[in-house]
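Here is the structure we will look at.
The values are calculated or read from the model by the stated rules, or taken from the named source; none is laboratory data. Everything numeric in this text was worked out from a predicted model, so none of it was measured. So basically every Cβ, Gly included, is an ideal-geometry build from the backbone, and we count neighbours across all protein chains shown.
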Amino acid sequence: MTTPNELVPMIIPTVMIPLTLVSVGVSVVASFIAALFGIELKMEGPKKLLEVLLKPKVLASAFMLNAVIMGGIYCWKWWNNYPRLISTIESQMNERSVESEVNYLDRATVLTDFQSLKATQQFPSTLKQVWRLDTGAGSFRAATITSGRVFTGNRNGIINEVDFESGKVIRTFYTGTMVSPELTIWQNSLYVGEGVHDTHHARVYRFDLKSGKLLGSYQTLGHTEGQAVIGSFEGENTLFVVAGADSLHAVDPLTMKLKWKSNPGHTDAGVLVDDRGSVFLGTGREKHDDKKYKSYATALHFKTGEVIWKKELPASSWMRPVILDENVCFVSGEVYFPTERGHLLCFDRKTGAHTAAVNASNPLVGTPKVLDKSILYTSLKGEVCRFDIGSRSNLWCFDTKMKDSSFAGASYDPRYHVVLYPSVNDGLYVLDADSGKLLLNWKPAASEGKWKKTVADVAVTENHWVISDYENSIRAVKPLLVLKTAQEK
């Protein structure tokens, strides 16, 4: 066994080397600073070096230099996370604006409630890609489709309006900052938020779909990455803007002026408005603090923002809740902190009393969907489940065994009674809605453009499925029945 005394000769040279390097480095810096003030620094040992470094002029200079450097870094970060100037956006839109004669049907919120038709058609054997568009930068959320047009925002702050049949870009809109939420269309206006978690003073913009020009905007102190939802109650229309730590803003959708503001917590998910005048939203834990902030499921009054009820959640809720009969249900799970659990929790929408729950092995971060008396939910690691509210249990779960993380939720196509889940890197999964059985794992052919990182829901239309990836493309596909030859049969 080696004794402490035997270690001493080996330790001393090892320690002296870095100390010598540090001493030389400090001497060089000290000499430079001293020279700035006309002080001649001689090799008089550590004492003289310390005396020079502790001179008031040197200390003041070092402090001021440090303040300037730190201030510069702070200003650069502040400006880098600030959205584009309104003047820049107006200038861009004056150049891009193109008039349209289309009458755009409202898409005031995300469609999350489906009634099963029990498959009016047999699911075909494969998919056919109808068109693919390179948008220059990918999308974080699903495309919004209405009146024969596809709207998709990308990471470069560009919104493309695409002809649904041809896949050709009709015109573009500009924010300059990443378009992170799904888009809202109401009374021929396009509403869009912006930013990522570190963005501050983000806005929600209102573009006129008839003229193509910017009509107005509403600015917050936070980021507006959750969908700006328009809700109606007793003849009153309100645009609900979620702004992270700046929480929830109720805004007039025509004038873009504030009606009221409520701060139940850090809010990134779009709200849900019911027919009784309740506004439901979930909150999450702040990115840089996993202890100070808590997560809540909250019900607010539509006209005043007053809290009707507020219940603590076991983890952050980053997605819009859903309503199933008298239940309002929230998915929860952490993204910024290590965790191995996710939760689906339901409450009585009038009283806030707990009604049902199910735990998952990974955080739940995809937008849930209602299918009949059940809820489709997805986990961060690609598990897709169908939860039955009556039995308080899962009807089935399908694990894609995905290694990467995804925020995509499951979608539903009533024509074939199938559930659609886009994996990050392994193509599109098509599941039987009753059993969860895998029907197809589709990947495009090499000639159709490689399947790239995908984290957005599939947008389902009457005849097509529209898939947006996070890299640079949006594609439309449709189920295709491949007839077998007599020999194959």
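Points to keep in mind about this one:
- Residue count for the stretch 137-191 satisfying the condition of being within 16 Å of the chain's Cα centre (by Cα) and within 14 Å of Ala476 (Cα to Cα): 4.
Table: residues versus (1) assigned by TED's automatic domain parsing to the domain that holds Ile158; (2) assigned to a strand (DSSP E or B); (3) more than 16 Å from Gln122 (Cα to Cα).
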position	(1), (2), (3)
Asp426	yes, no, yes
Val430	yes, yes, no
Leu440	yes, yes, no
Pro444	yes, no, yes
Lys453	yes, no, yes
Asp457	yes, no, yes
Glu462	yes, no, no
Tyr470	yes, no, yes
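- Considering residues of the stretch 340-355 that are in a strand (DSSP E or B) and in contact with a Lys or Arg (Cβ under 8 Å, 6 or more places away or on another chain) only, the residue surrounded by the fewest Cβ atoms within 10 Å (Cβ to Cβ): His354
- For Ile323, the conditions (1) under 23 Å from Asn263 (Cβ atoms); (2) touching a residue at least 40 places away in the same chain (Cβ under 8 Å) are fulfilled apart from (1).
- Within the stretch 40-72, tally of residues that are at pLDDT 75 or above and loosely packed, with under 10 Cβ neighbours inside 10 Å: 1
- Among residues of the stretch 118-153, those that are part of a loop (DSSP other than H, G, I, E, B), in contact (Cβ under 8 Å) with a residue 60 or more places away in the chain and more than 27 Å from Ala433 (Cβ to Cβ), counted: 4
- Residue match in the stretch 407-423 (condition: in contact with a Pro (Cβ under 6 Å, 6 or more places away or on another chain) and assigned to a strand (DSSP E or B)): no
- Among the residues listed as Gly195, Gly167, Gly148, Gly176, the single one being on the phi > 0 side of the Ramachandran plot and touching a helix residue (DSSP H, G or I) at 6+ places or on another chain (Cβ under 9 Å): Gly176
- Test result for Ser217, closer than 25 Å to Trp318 by Cβ and of a type in the set (S, T, N, Q): yes
- Pairing residues of the stretch 251-269 that are closer than 15 Å to Gly222 by Cα with residues that are among the basic types (Lys, Arg), at Cβ distances under 8 Å and at least 6 apart in sequence or on separate chains, gives Pro264/Lys310; Gly265/Lys294; His266/Arg285; Ala269/Arg320.
- Any hit, the stretch 449-468, residues being exposed (fewer than 15 other Cβ atoms within 10 Å of the Cβ) and touching a His at 6+ places or on another chain (Cβ under 7 Å): no
- Only one entry of Phe330, Phe337 meets the criterion of being surrounded by fewer than 21 Cβ atoms within 10 Å (Cβ to Cβ), hydrophobic (A, V, I, L, M, F, W, C) and either at pLDDT below 90 or in contact with a Pro (Cβ under 6 Å, 6 or more places away or on another chain) (or both), and that entry is Phe337.
- Count of the stretch 406-437 residues, restricted to those that are under 29 Å from Glu334 (Cβ atoms) and surrounded by fewer than 16 Cβ atoms within 10 Å (Cβ to Cβ), is 1.
- The listed residues are Leu190, Leu183, Leu133, and the only one of them that is modelled with pLDDT of 95 or more, closer than 18 Å to Glu99 by Cα and not aromatic (Phe, Trp, Tyr) turns out to be Leu190.
- Residue match in the stretch 308-323 (condition: among the β-branched types (Val, Ile, Thr) and either surrounded by fewer than 24 Cβ atoms within 10 Å (Cβ to Cβ) or not in a strand (DSSP E or B) (or both)): yes
- Scanning the stretch 75-91 for residues that are part of a helix (DSSP H, G or I) and either loosely packed, with under 14 Cβ neighbours inside 10 Å or more than 25 Å from the chain's Cα centre (by Cα) (or both) returns Cys75, Trp76, Lys77, Trp78, Trp79, Asn80, Ser87, Thr88, Glu90, Ser91.
- Among residues of the stretch 382-398 being in contact with a Lys or Arg (Cβ under 8 Å, 6 or more places away or on another chain) and without any contact (Cβ under 8 Å) to a residue 24 or more places away in the chain, the one that is surrounded by the most Cβ atoms within 10 Å (Cβ to Cβ) is Asp388.
- Residue match in the stretch 360-380 (condition: hydroxyl-bearing (Ser, Thr, Tyr), more than 29 Å from Ser468 (Cβ to Cβ), more than 21 Å from the chain's Cα centre (by Cα) and modelled with pLDDT of 95 or more): no
- The stretch 96-123 - residue that is surrounded by 16 or more Cβ atoms within 10 Å (Cβ to Cβ) and closer than 22 Å to Ser411 by Cα and, of those, modelled with the lowest pLDDT: Ala119
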